[in-house]
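Enquirer: The structure that follows is given in the form of C-alpha cells.
The values are calculated or read from the model by the stated rules, or taken from the named source; none is laboratory data. Given the structure is predicted, the values throughout are model-derived calculations rather than measurements. In this analysis, Cβ positions are derived from the backbone assuming ideal geometry, glycine residues included, and neighbour counts consider all displayed protein chains. Heavy atoms of the whole protein, side chains included, go into the accessibility calculation; ligands, DNA and RNA do not. Shrake-Rupley method; radii C 1.70, N 1.55, O 1.52, S 1.80 Å.
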Amino acid sequence: IGACGGAGASSLSAAVSARAEHRGLDVTAVDLDPLGAGLELLLGEDRPTGLTWNELTNTRGRLRPDALRNSLPVAAGVRVLGWAGTPIQGSMKGAAGAAIDALTRGCDLVVVDLPRQLGELAAEAICRCDLITIVVPKTSVAVAAASRVLESPLLDGPRVEVATRGPSPGGLSSSDVCEALGLPLVSDSAADPGVARRLERGLPSVGSRGGLRQSSQAVLRRIELAATTSPASS
C-alpha cells in the first residue's frame, strides 16, 4: 500500500511478483486499485487477455483454484487478477476474499496491490495477509499521509512494515520515518529513474539493477521469512 499518491506501491507489488517468479515461485498478483495503471502494464503487458474482476462480480463461496488460475492473464510469467477497461457491474462483496482464498490454495505466493482508500474490498484482502508493506517516500508530507493511512483499524491486526524510498529533499532518513510511524523497516532504496524509462519502452518496471530491484528483493526476503513462521502465506 502507498503512503501517498505516487509512492510506488504498485511498482513494488509488480516488482516483488516478478522477482518471486524469477526465483521459481508460482505467484499471482492481485490488483485491488481500480484507479491505478494496472499491474499488467507494470509487468510489461498492455493488452492482457483473460479473466478480470468484472467476471467475478457477485461471486459467493469457494472458487476452484485451478480454474481461477488458469483463466487469468499472464504478464512476465506472473498471473494477474486485475481490472478491465469497463466499469464494474454488480456487487464486489465477497469477491476479493473468495479469489484470494482460492489463489492462496493454488500457488506459492499472492501479492496484493492495495488501494489507499481502505474500503470493503481491501478489508477482505488485508485480513488474509501475512505482511503489509507501506511504501513511504522520505518526505514529511509522505510521513503525514502514511500516518493517516495507518489510522485505519483494518491495519491493527496484520504485521505492517515500512519500505522507504528516496530522494530525501529535507534530509529525512529511513530511521526518522520508521520512528515517526512506530513501525519496523523492511527496505530502504534510492529513487529509481529507470522505472519510468522501462515502462515507456513497454518493459516490466523492475530491471536488473536499481532501487526498485533492491527494495523488491528485501520485501521478498521478508515474505519468505514470514512464511517460515506461518502455516499459510498470502
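Enquirer: Per 10 Å bin from zero, what fraction in whole % of the C-alpha pairs of the chain is there, up to the bin with the longest pair?
Expert: Pair shares across the bins are 8, 35, 38, 17, 2, 0.
Enquirer: Would you list LYS138, LYS93 from the most to the least accessible area, probe 1.4 Å?
Expert: LYS93, LYS138
Enquirer: Restricting things to Cα coordinates, could you compute the convex hull volume per residue of the range 126-203 in Å³?
Expert: So the per-residue Cα hull volume is 113 Å³.
Enquirer: Net charge near VAL177: determine it from the other residues with C-beta under 12 Å of the C-beta of VAL177, scoring Lys and Arg +1 and Asp and Glu -1.
Expert: Result for the local shell: -2.
Enquirer: While we're here: What value, in deg cm²/dmol to 500, does the helix sum -39500 (n - 2.57) over DSSP H runs of n ≥ 4 give at 222 nm once divided by the residues of the chain?
Expert: That calculation yields -11000 deg cm²/dmol at 222 nm.
Enquirer: When ranked by the protection proxy of mean other Cβ atoms within 10 Å per residue, highest first, what sequence do the peptides 30-39, 192-201, 43-52 form?
Expert: Per-residue Cβ counts within 10 Å, averaged per peptide and sorted highest first, yield 30-39, 43-52, 192-201.
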